[in-house]
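The values are calculated or read from the model by the stated rules, or taken from the named source; none is laboratory data. Since the structure is predicted, the reported quantities are computational estimates derived from the model, not experimental observations. Cβ coordinates were reconstructed from backbone atoms using ideal geometry, including for glycine residues, and neighbour counts include every protein chain displayed.
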Amino acid sequence: MQDVDNIVNGQKLFLKPEYQEVLENKKQFESSVGATNFQKVEEIAEWTKSWEYREKNLSREAITINPAKACQPLGAVMVGLGFENTMPYVHGSHGCVAYFRTYFTRHFKEPTPCVSDSMSESAAVFGGLANMKDGLRNCNALYKPDMIAVSTTCMAEVIGDDLNAFVTGAREYAQGELDNVEIPYAHTPSFVGSHITGYDNMMKATLEQLNPSRTEKVLDEERINIIPGFEPYLGSLREIKNISKMFSDKIIMIGDHEEQWDTGAGEYKLYAGGTKIEDAKTAINAKATISLQKYSTVLTAKTIKNKWKQDYVTCNPIGLSGTDAFVMKLSELTNKEVPNELKNQRAKLVDAMQDSYSYMHGKKFAIWGDPDFLLGMVSFLIEMGSIPTHIVCHNAPRKGWEDDMKTILDKSNRKEECNIWPGKDLWALRSLLFTEPVDFMIGNVYGKELYRDTKIPLIRIGFPIFDRHHLHRYSISGYEGGINLLTWITNSILDHLDEETKNIAQTDYFFDAVR
Ligand code: SF4
């Protein structure tokens, strides 16, 4: 039990004898300790590390174990929070929304505003129109947003609720109360796609609904939009905006959630920062739009290219060549020289890459995450001479992504040793790690169990990261982001080297402080 004079955290609390006794008793019923044939359990555990099990594991279709993706509405919530005074509103079950808020809050260590109309059993039978009518009015009355961004959970999608009809019906029912509120809506069925599909659906819907078709095109020759995509690194958003400002004040980020998840101490702000709704409403007039995540904006791209007839390009400013391409695109679109400040940043990254090259070169990595994150990170690993042995993308798009990845791998002289695993989860990765081990893993918090299992060190880069603090504040994009990546990866390699060389008179003949 806790002692009021010496309150301890859970880690120490459960080591106390009274808890240990309970845990021991529990094991008799629930764990392999109490199994009728303990030896068999051990034998099977070992077998799960074999090539034979790997073949079965990789051909598994019916179940997902330890997914490396989240569901659609989570991405839609991120889009909503990227606009000024906007409340994300999820039509569906309350529990789902509690999950989205918690997920983001644990990653960003900040509160996440988001409401739900809490559909329950009766709504599942009769439809959720009544919930939507009351929910939108309540949301408006309580939180006074300028915009409510509506998405859906599985429940609303399974019963086939029609958001167009529901939002129109709710507006009528509100008798003018909602007339000054923008309410873009997107269906985000979670049983297909992932959080990046939800991001895409919500971004597309928001831009389309705020920018209805116009008979006359109003072109703003200087205006450029940048859509960041599902970006969990707030520092990356900051860095992209800083780079853009060096070229023009008229480059506007569409869906900028940086401030919302990075408010200071003091009075709590429900809404912070975000793209101005006026800027979102004039996005259609821009000369061009740059998406920083090709596969988080597939449908959005179609709207911008085909309906808006606007120039649309994708850049992935992670690593040296990715950032170069982005910077040169800005230079081309704004017709301006690359500023010296950026050239200096680039030179510093190249210098740092040379400093760290010998440590990253030849190291084998397993890496997982979202499609665009992986394209950028693998490109960076190859620039550093590393070998991305296993590239796992659970939410890999069906078209294009694998070919894009192969084009990047073609630049490596060890490309035969690199394997792309689209659609595989982290339980599949476990088999890959036991049968074809690597030196390091790069991925999100869910690699922690893989580390405990395989003893392969985990470098935490990706989304979500719950068990380390403040990494999301840094950038992984741009030249400065490249230095951050180098710092994290190289220092993890050096930490590991220290561990391996600490045994007196056995392995301590090499230690790196001499260099
Ligand atoms: S998958 Fe469906 S039920 Fe699960 S959290 Fe997402 S929306 Fe809710």
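Some observations on this one:
- Within the range 114-143, the set of residues being touching a strand residue (DSSP E or B) at 6+ places or on another chain (Cβ under 9 Å) and either within 13 Å of the ligand (Cβ to nearest atom) or in a loop (DSSP other than H, G, I, E, B) (or both) comprises C114, S116, D117, M119, G128.
- Listed by position, the helices (runs of 4 or more DSSP H) contained in the range 21-100 that have at least 2 residues being in the same structural domain as D146 (by TED's automatic domain parsing) and within 16 Å of the ligand (Cβ to nearest atom) are 72-80.
- Among the candidates G266, G322, the residue that is of a type outside the set (A, V, I, L, M, F, W, C) and part of a helix (DSSP H, G or I) is uniquely G322.
- In the range 261-273 there is no residue that is closer than 27 Å to N344 by Cα, β-branched (V, I, T), surrounded by fewer than 23 Cβ atoms within 10 Å (Cβ to Cβ) and not assigned by TED's automatic domain parsing to the domain that holds Y474.
Matching residues to (1) in a helix (DSSP H, G or I); (2) in contact (Cβ under 8 Å) with a residue 60 or more places away in the chain; (3) acidic (D, E); (4) on the phi < 0 side of the Ramachandran plot:
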position: G362; (1), (2), (3), (4): no, no, no, no
position: I382; (1), (2), (3), (4): yes, no, no, yes
position: G385; (1), (2), (3), (4): no, no, no, no
position: R398; (1), (2), (3), (4): no, no, no, yes
position: A428; (1), (2), (3), (4): yes, yes, no, yes
position: F434; (1), (2), (3), (4): yes, yes, no, yes
position: I442; (1), (2), (3), (4): no, yes, no, yes
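- Candidates in the range 291-307 are the residues that are surrounded by fewer than 23 Cβ atoms within 10 Å (Cβ to Cβ) and either polar (S, T, N, Q) or in contact with a strand residue (DSSP E or B) (Cβ under 8 Å, 6 or more places away or on another chain) (or both); of these, the one that is nearest to R398 (Cα to Cα) is K294.
- Taking the range 144-157 as the range and being near the ligand (Cβ under 9 Å from one of its atoms) and either free of Cβ contacts under 8 Å to residues at least 24 places away in the same chain or surrounded by fewer than 23 Cβ atoms within 10 Å (Cβ to Cβ) (or both) as the test, the residues that pass are C154, M155, E157.
- Contact map, the range 276-297: residues that are farther than 13 Å from D311 by Cβ paired with residues that are modelled with pLDDT under 95 and not in a loop (DSSP other than H, G, I, E, B), Cβ distance under 8 Å, separation 6+ or inter-chain. Pairs shown: T282/D220.
- Residue within the range 82-104 that is at pLDDT below 95, surrounded by 19 or more Cβ atoms within 10 Å (Cβ to Cβ) and not β-branched (V, I, T) present: yes
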